[in-house]
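**Student:** Structure below; questions to follow.
The values are calculated or read from the model by the stated rules, or taken from the named source; none is laboratory data. Keep in mind that this is a model prediction, so the values were computed, not measured. Neighbour counts run over all protein chains shown; Cβ positions are idealised from the backbone, glycine included.
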Amino acid sequence: MQTVLASTLSNMRVMSTDGQELGTLHNVTFHTAGGSLNQLVIETDAQNLFGKQQDGDGYVRLPAELIESLRDHLIIRPPDEYLG
C-alpha cells in the first residue's frame, strides 16, 4: 500500500467496494509498537456497518485491513464474516 499522511485522510468519504457510501473517516488508530494502522473510525448515519454497531459517540470502528484502495475516497471491502 502507498504511504499516505494521516492528515490527508481527515474527513475523507468512505465507500464500500460495491459503491455504497458508508460515511466519513473521522479518525484512524495505530498500533503504537510498529506504527501500523489498526482501526478506521467512521462517522455514519447508519446504526451499524457490516454488523459493527455505532459506539456511544456515533462512530463505527472497522479494522484497517478492510482498506482496498485510496483515491478521492477510501474504499473498503466487507469483512469475510459479513459475507458469510
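**Student:** With the checklist (1) without any contact (Cβ under 8 Å) to a residue 40 or more places away in the chain; (2) under 19 Å from residue 80 (Cα atoms); (3) touching a Gly at 6+ places or on another chain (Cβ under 9 Å) in hand, flag the one item residue 48 doesn't pass.
**Tutor:** (3)
**Student:** So, in segment 34-45, of the ones that are modelled with pLDDT under 90 and more than 13 Å from the chain's Cα centre (by Cα), which residue ends up surrounded by the most Cβ atoms within 10 Å (Cβ to Cβ)?
**Tutor:** 36
**Student:** A further question on this structure: Consider residue 55 carefully, then state whether it is acidic (Asp, Glu) and over 17 Å from residue 15 (Cα atoms).
**Tutor:** yes
**Student:** Go through the residues of segment 59-69 one by one and say whether even a single one is within 20 Å of residue 19 (Cβ to Cβ) and either assigned to a loop (DSSP other than H, G, I, E, B) or of a type in the set (S, T, N, Q) (or both).
**Tutor:** yes
**Student:** How many residues does segment 36-51 contain that are within 16 Å of residue 21 (Cα to Cα), assigned to a strand (DSSP E or B) and touching a strand residue (DSSP E or B) at 6+ places or on another chain (Cβ under 6 Å)?
**Tutor:** Residues in segment 36-51 being within 16 Å of residue 21 (Cα to Cα), assigned to a strand (DSSP E or B) and touching a strand residue (DSSP E or B) at 6+ places or on another chain (Cβ under 6 Å): 5 in total.
**Student:** Name the pairs: first residue in segment 5-17 and among the charged types (D, E, K, R) and surrounded by 12 or more Cβ atoms within 10 Å (Cβ to Cβ), second residue in a strand (DSSP E or B) and modelled with pLDDT of 70 or more, Cβ to Cβ under 9 Å, at least 6 apart or on different chains?
**Tutor:** Filtered contacts from segment 5-17: 13/21; 13/22; 13/23; 13/24; 13/25; 13/74.
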